[in-house]
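**Q** One structure coming up, written as structure tokens, with questions to follow.
The values are calculated or read from the model by the stated rules, or taken from the named source; none is laboratory data. All of these numbers come straight from a predicted model, not from anything done at the bench. Counting neighbours? That spans all protein chains shown, and the Cβs are built from the backbone with ideal geometry, glycine included. We work out accessible area using only protein heavy atoms, side chains counted, and drop any ligands, DNA or RNA first. Shrake-Rupley method; radii C 1.70, N 1.55, O 1.52, S 1.80 Å.
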Amino acid sequence: MEKKHLLPVALWVLVGNGCQAPPAMNGAISTPAITKLTPSSGPTVGQTPIVITGTGFIPGATVTVGGQGLDGTLVVSSMEIIGTVPDRPGLVGDAHVIVTNPDGGAADATYTYSYDGVLLDYVTVHPFMRPPRSVAVGDFNSDGKLDLAVLFGYGTSVSILLGDGVGGFGTTAASFPATADPNGYPSAIAVGDFNRDGKPDLAIANSGDVNFHDGGNVSVLLGDGMGTFGPAAYFAAGVYPDSVAAGDFNSDGKLDLAVANSGSSDVSVLLGNGVGGFGAPTSYIAGGRAVAVGDFNGDGKPDLAIAGSGVAVLLNDGLGGFGASAYIAVEANPNSLAVGDFNGDGKLDVACTNSNGVSVLPGVGQGSLHNPIRVGDAALYGQVVAADFNGDGKPDLAVNATDINVLLGDGQGAFRAVGFSAGGSPISMAVGDFNGDGEPDLAVANAGSKLVSVLLNNSR
């Protein structure tokens, strides 16, 4: 019988949207090529998905990014490979993406680790003649776009900058009297609907005059929902109010105020009447540098965290009264507080800045706090705010000092710092989505440069 010789035949298997190339024949080495990376850059942490587009990819091909294996590598077709970019915390810069076929044929491209888990773009908003002292966020003209209220430490007014919804703010600021004292020193601002008309109002802590010659008070300015505010009404607090926060402390559906007073080392609670007025203050000796609101024992009632010689929690009885709490010692000069579940245990914790850095006091869940854990160094002294800046579902911190430092939380109580410029001696921050992309941005009052800047979040 005649013998027939069977010649090797190359088979092409249609997979997805392309043809899968056969292995190279007769010892030839394949020549894959990379034409596109999507995306071509991303954060150093966050497990970024990537699509590698090109030609000549063979099943079993391996991919490395900066010498590390691409997580979950899948050769979809001869023209596409997908996977997840490996993390490399703190190493910003270019990295080689190398696709190597089983026969040794290789292709090279460049992926850029362009930012360290969060990216905040600096935008100048508005210069002022005086240094701003505090900034707060609200939709003051009812257009669905967030605006800014800017308070000045040396003067008597609060200025309103109307947002355009894409990250910009008007160049002309409308100003309204915040204190009757021509030498007044307003120190902090809170936003809330104090007369229950559905329009945001302002509460301002006034620390007396610039030389602290009088005791100070709280002024309340009622908004008309069109970006304008009525004349200030004044309510007594303690001596030299430094911080103010709003909450319904007596469960009557009307917002009340808690005011931290540095001069009298206490906290004043002013119960609201629902029409923009407040009753006489009730004082609690608990320190008076900063105040924050949160439910620290899980009973559904807003409690108070207080910074003084240390940090204390005052538990709310639901009727407007607060029980005493022992101080937890922190490092020198507690300055600002932020509340969040930073270690993922379902219990509220407290972040506190001080002259040596920033610490987190984990919550016990019954109204008390564990001893502080240092999470930032001495360069991070200033105000602290909490938000999820990198979109990983875990709360982060932003702290102002000479610049803005974002501390990215891992959800277990540890943080990693990334720095951003804000414009010159930042003194106050507020969080809001100023361009409507669903990401938390930062508004920053810069005392040194006398301007308000916005850091737009482009992390996702």
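**Q** For SER41 and THR228, calculate 0.36 nm times their separation in residues minus their Cα-Cα distance, and state this gained length in nm to one decimal.
**A** 62.9 nm
**Q** Which part of the range 53-84 falls in the paramagnetic zone of ALA33, meaning amide N under 19 Å from the point 7 Å along Cα-to-beta-carbon?
**A** Inside the label zone: 53-59, 77-81.
**Q** A further question follows. Which percent of the accessible heavy-atom area of the range 320-411 goes to carbon and sulfur, probe 1.4 angstrom?
**A** Reported share for carbon and sulfur atoms: 49 percent.
**Q** Which distance in nm do the two modelled labels at LEU91 and THR402 give, with both placed 7 Å along the Cα-to-Cβ direction?
**A** 2.8
**Q** Over the range 331-460, what portion of Cα pair distances is larger than 20 Å, expressed as a whole percent?
**A** 41
**Q** For the chain, compute Rh as the Kirkwood radius over C-alpha pairs and then the Stokes-Einstein diffusion coefficient at 4 °C and 1.567 mPa s; write the answer in µm²/s, rounded to an integer.
**A** D, rounded to a whole number, is 53 µm²/s.
**Q** Set the Förster radius R0 to 51 Å, insert the Cβ-Cβ distance between ASP121 and ARG196 as r into 1/(1 + (r/R0)^6), and round the FRET efficiency to 0.05.
**A** My answer for the efficiency is 0.85.
**Q** Where Rh is the Kirkwood radius over the Cα pairs of the range 247-317, the temperature 37 °C and the viscosity 0.692 mPa s, what D in µm²/s does Stokes-Einstein return?
**A** 268
**Q** Moving to a separate point now. Ignoring ligands, DNA and RNA, what percent of the 1.4 Å accessible area of the range 214-288 is carbon and sulfur?
**A** 57
**Q** Excluding ligands, DNA and RNA, what is the solvent-accessible area per residue of the chain at a probe of 1.4 Å, expressed in Å²?
**A** 41
**Q** Moving on to the next point. For the range 404-460, state the average projected area of the convex hull of the C-alpha atoms over all orientations, rounded to one decimal in nm².
**A** Spelled out: convex hull of the Cα atoms, projected over all directions, averaged, 4.3 nm².
**Q** What is the gain in length, in nm to one decimal, between THR112 and VAL275 on full extension, counting 0.36 nm per residue of separation less the C-alpha to C-alpha distance?
**A** Computed gain between THR112 and VAL275 is 53.1 nm.
**Q** Next up: Provide the gained length on full extension for the span ILE285 to ALA174, in nm with one decimal, where the gain is 0.36 nm per separating residue minus the Cα-Cα distance.
**A** Full extension of this stretch gives 36.2 nm more.
**Q** Right, here's the next one. Calculate the FRET efficiency for VAL51 and ASP345 from the Cβ-Cβ distance with a Förster distance of 25 Å, rounded to the nearest 0.05.
**A** Calculated value: 0.10.
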